[in-house]
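Q: Sharing a structure below in structure tokens format, with a few things to ask.
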Amino acid sequence: PSKGAVYNCPADWSCQISTTNLFKALAADKKSFELVETGSPEQLDASIARAFENKVGWLGYYWAPTAILGKYDMTRLSFGVGHNKNEWDRCTAVAGCARPQLNSYPVSRAFTLMTRSFASRAGPVTTYLKTRKWDNETINQVLAWQDENRESNEDAAIYFLRNYEGLWTKWVPVDVAEKVKGSL
């Protein structure tokens, strides 16, 4: 009861190493925190669910997009420093680093790639692939719906089309959007 907890990544995940090193860099143990090893993704998710059920705070590493972030209202905290790739490679991501420095996690970006020959032949598909984009919050919400309702990927796609019309209709020509809406 006198200590706070920082929930770590599942065992053997690279984020377990970086979270451990950032915990050390913050000297969190000297500030009455303990680093809690969760063991598995399911145990990490359960720790978040318990915190919300018990109406207590939760602090730890998590990633997006995921169903759990669509289910619970979480806030991303800042370390107050940017990402330093050299420091990350030298120490933050290295197990057992003696003197880790405060560092932010790198931001991962997702890309749609296609060959030039495909792009030159695909016409409207190429336009669609260049236009299509959505944020993690939207994906989190769809994944949460899918998880809570134990639905298939296909059902989640239909849910998305029915409930996010204002988003996906910007990705396709009006006549295509009307055909999709008509088929739902």
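For every residue, the table says whether it meets (1) touching a Ser or Thr at 6+ places or on another chain (Cβ under 7 Å); (2) buried (at least 16 other Cβ atoms within 10 Å of the Cβ).
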position: 140; (1), (2): yes, yes
position: 144; (1), (2): no, yes
position: 150; (1), (2): no, no
position: 158; (1), (2): no, no
position: 162; (1), (2): no, no
position: 166; (1), (2): no, no
position: 171; (1), (2): yes, yes
position: 183; (1), (2): no, no
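Q: Within region 9-26, how many residues turn out to be farther than 16 Å from residue 40 by Cα and not in a helix (DSSP H, G or I)?
A: Going through region 9-26 one residue at a time, the tally reaches 1.
Q: When region 126-147 is examined, which residues are found to be of a type outside the set (A, V, I, L, M, F, W, C) and over 18 Å from the mean Cα position of the chain (by Cα)?
A: Within region 126-147, 126, 127, 128, 130, 131, 132 qualify.
Q: Please determine whether any residue of region 63-71 is free of Cβ contacts under 8 Å to residues at least 40 places away in the same chain and within 19 Å of the chain's Cα centre (by Cα).
A: no
Q: Which of the residues that make up region 110-122 are surrounded by 12 or more Cβ atoms within 10 Å (Cβ to Cβ) and either in contact with a helix residue (DSSP H, G or I) (Cβ under 7 Å, 6 or more places away or on another chain) or within 22 Å of residue 169 (Cα to Cα) (or both)?
A: 114, 119, 122
Q: To continue, here is another question. Test of understanding: among 94, 81, 125, 107, which residue is at pLDDT below 95, surrounded by fewer than 16 Cβ atoms within 10 Å (Cβ to Cβ), under 22 Å from residue 17 (Cα atoms) and of a type in the set (A, V, I, L, M)?
A: 107
Q: State the number of residues belonging to region 38-68 that are assigned to a helix (DSSP H, G or I) and more than 14 Å from residue 7 (Cβ to Cβ).
A: Qualifying residue count for the region: 2.
Q: So, in region 108-122, of the ones that are aliphatic (A, V, I, L, M) and in a loop (DSSP other than H, G, I, E, B), which residue ends up nearest to the chain's Cα centre (by Cα)?
A: Filtering region 108-122 for residues that are aliphatic (A, V, I, L, M) and in a loop (DSSP other than H, G, I, E, B), the one nearest to the chain's Cα centre (by Cα) comes out as 110.
Q: Sort out which residues of region 12-39 are farther than 13 Å from residue 59 by Cα, among the acidic types (Asp, Glu) and either at pLDDT 95 or above or buried (at least 18 other Cβ atoms within 10 Å of the Cβ) (or both), and write them in order of number.
A: Listed by number, the list holds a single entry, 29.
The values are calculated or read from the model by the stated rules, or taken from the named source; none is laboratory data. On a predicted model such as this, the values are computed, not experimentally measured, just so you know. FYI the Cβ positions are ideal-geometry reconstructions off the backbone, even for glycines, and counts take in every protein chain you see.
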